[in-house]
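Notes to accompany the following structure.
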Amino acid sequence: CRRRGIVVCNVPTYGSATVAEHAFALLLSVSRKIPESTERTRHGEFDFRKLQGFDLEGKIIGILGTGRIGTHVARIAKGFGMTVLGYDTRPNKQAAEDIGFLYVSVGQLLKSSDVISLHLPYSKETHHFLGRDEFGKIKKGVIVINTARGGLIDTDALLAALDDGTVQAAGLDVLEEEGMLKEERELLSSGSSKKKLQIALENTVLLKRPNVIVTPHNAFNSEESIKRILDTTIENVEKFFAGHPQNV
């Protein structure tokens, strides 16, 4: 596009609160066993045995990535009475001071956190940010929440951590190679590598785990968020034709 002189604009911010709230929706669904509870009452059962949850108050949440969404997660967490740890290659010291959280190393965050919420951008450097080595350092019984990108977590390593109890439960809005689940024809295409097929199979295993909640990449999808996306897109077009492109 640069070579051909084409202006490219995007919508840089639209759902900081939206995605952060969804992260906590997943966390609360896990902590209070909401899916199991509603499924039980839907079948006319009102027995609360084996539905015991746990409080968020007093727990430590580690936030990997403290951009707009990550810092909003920190604000919500403080409202629940949680201790907040953060990790980022570019720490926002002002946000940490205003909200009241502490920046630590990845290793310190992994071994200290009762809940880990991922809000990192996806790149070559952050691919499989949580892999076997990281799960080996993690606090046993942790809850993992991912509303960022599926490739941040090594699916095979996550399944192993769920199997051995290192990860107590997971709330995921994104999955590694999720496109192959959305479009079954992708699984049959000649371009599908053995590794991609393996990940697709592992995802189907994740979907059936009783201690894993998966939503369909839906964290951004609120009325307000969609309106912001549309409004900014219209503004981008208008500004471009007025000769003053924005969000380039």
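The values are calculated or read from the model by the stated rules, or taken from the named source; none is laboratory data. From a predicted model like this one, the values you see are computed outputs, not experimental measurements. Neighbour counts run over all protein chains shown; Cβ positions are idealised from the backbone, glycine included. Just the protein is used for accessible areas: all its heavy atoms, side chains included, with ligands, DNA and RNA removed. Shrake-Rupley method; radii C 1.70, N 1.55, O 1.52, S 1.80 Å.
Could you work out how far apart the two model spin labels at residue 209 and residue 111 are, taking each label as a point 7 Å from the Cα in the direction of the beta carbon, and quote it in nm?
With each label point 7 Å from Cα toward Cβ, the separation is 2.4 nm.
By how many nm would the segment from residue 34 to residue 104 grow when fully extended, if each residue of separation counts as 0.36 nm and the alpha-carbon distance is taken off?
So the chain would gain 22.0 nm between residue 34 and residue 104.
Mind checking the full-extension length gain between residue 11 and residue 224? Use 0.36 nm per residue of separation minus the Cα-Cα distance, one decimal, nm.
Here the segment from residue 11 to residue 224 would lengthen by 75.3 nm.
Using r as the Cβ-Cβ distance of residue 48 and residue 197, and R0 as 45 Å, what FRET efficiency do you calculate, to the nearest 0.05?
In this case the efficiency is close to 0.65.
For the range 28-105, which whole-number percentage of the solvent-accessible area (1.4 Å probe, protein heavy atoms only) is attributable to carbon and sulfur atoms? Before the final figure, lay out each step's value.
Details: 2480 of 4900 Å².
The nonpolar share, carbon plus sulfur, comes to 51 percent.
Which value, to two decimals, describes the C-alpha radius of gyration of the chain once divided by 2.2 N^0.38 Å?
In units of the globular-protein estimate, the chain measures up at 1.11.
Per-residue counts of other Cβ atoms within 10 Å, averaged by peptide: what ranking do you get for 137-144, 23-30, 101-108, highest first?
Ranked by mean Cβ neighbours within 10 Å, highest first: 23-30, 137-144, 101-108.
Keeping all protein chains in position, work out how much accessible area residue 244 exposes to a 1.4 Å probe, and write it in Å² to the nearest 10.
About 130 Å², ignoring ligands and nucleic acids.
Could you provide, to the nearest whole Å², the per residue accessible area of the chain with probe 1.4 Å?
Value for the chain: 58 Å² per residue.
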